[in-house]
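Worksheet: one structure, shown below.
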Amino acid sequence: MKLPKKIAVFPLSNFIIFPKTTVPLNIFEPRYIEMVNDSMKSEKLIGMIQPKTVKKVKKLDSELYDIGCLGKITSFKETNDGRYLIDLKGIIRFKINREIKSEKKYRECEVNYDTYLEDLNEKKEDLKFSDLELIFKDLKSLFEKRGFIINWKALEKQSLDETINALAMASPFSLEEKQVLLEAVSLDLRKNKIAEILSTYTFDQFQNTTLQ
């Protein structure tokens, strides 16, 4: 697969995807409808990235993080009210070199993939579920306190990297914490970062927090 140097980017706050994971997206803003239309005419590729500030997320000039993940549209459906329901599969993470000025309603960036070429490998990293029992236990407690329902039995049937990445994406962590997980180059490092983040929480916090 030839990786494009110029990509459309979709800034979505508190949302990350990882390579080899698939997420559903509900597209309704006109500029992102246009982005999906253009993508479907070419390689079906979109770059997912987080804006640095939540308040400015609807402004085109909101500052973006440097690291995001390139995804490919694997499923597309148009609803009766004009929305697009798509599935996006993560391919490889990228770093933004610069933003490109254009007449399009959505944003485009020049990117490189050098740091994350390992994302394209099919080789599984050598980690065992036994290494993760404590992390899973703590994550399970955190998810339950926040009212998140996770099918843990189904997760255990997945490959280890799929499981860690799925938990990182779905976790009730902050925007900044999710970005740290996205930028962790290896699965082992991501596992350690999840453990570090969990260690900063006291679970009493989550009993008194309302989901927005």
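For residue 76, the shell of other residues with beta-carbons less than 9 Å away shows a net charge of 0, using +1 for Lys and Arg and -1 for Asp and Glu.
Between residue 115 and residue 53, the contour length at 0.36 nm per residue exceeds the Cα-Cα span by 19.8 nm. Given R₀ = 30 Å, FRET efficiency for residue 159-residue 99 by Cβ-Cβ distance, to 0.05? Taking R0 as 30 Å, the efficiency between residue 159 and residue 99 is 0.30. Could you work out the local net charge near residue 196, counting Lys and Arg as +1, Asp and Glu as -1, over the other residues with Cβ closer than 11 Å to its Cβ? That works out to +2.
The modelled label-to-label distance between residue 196 and residue 148, using points 7 Å beyond Cα along the C-beta direction, is 1.9 nm.
Every number here is computed from the coordinates shown, using simple stated rules; none is lab data. The shown structure was predicted, so the numbers you read here are calculated from the model rather than taken from an experiment. FYI the Cβ positions are ideal-geometry reconstructions off the backbone, even for glycines, and counts take in every protein chain you see.
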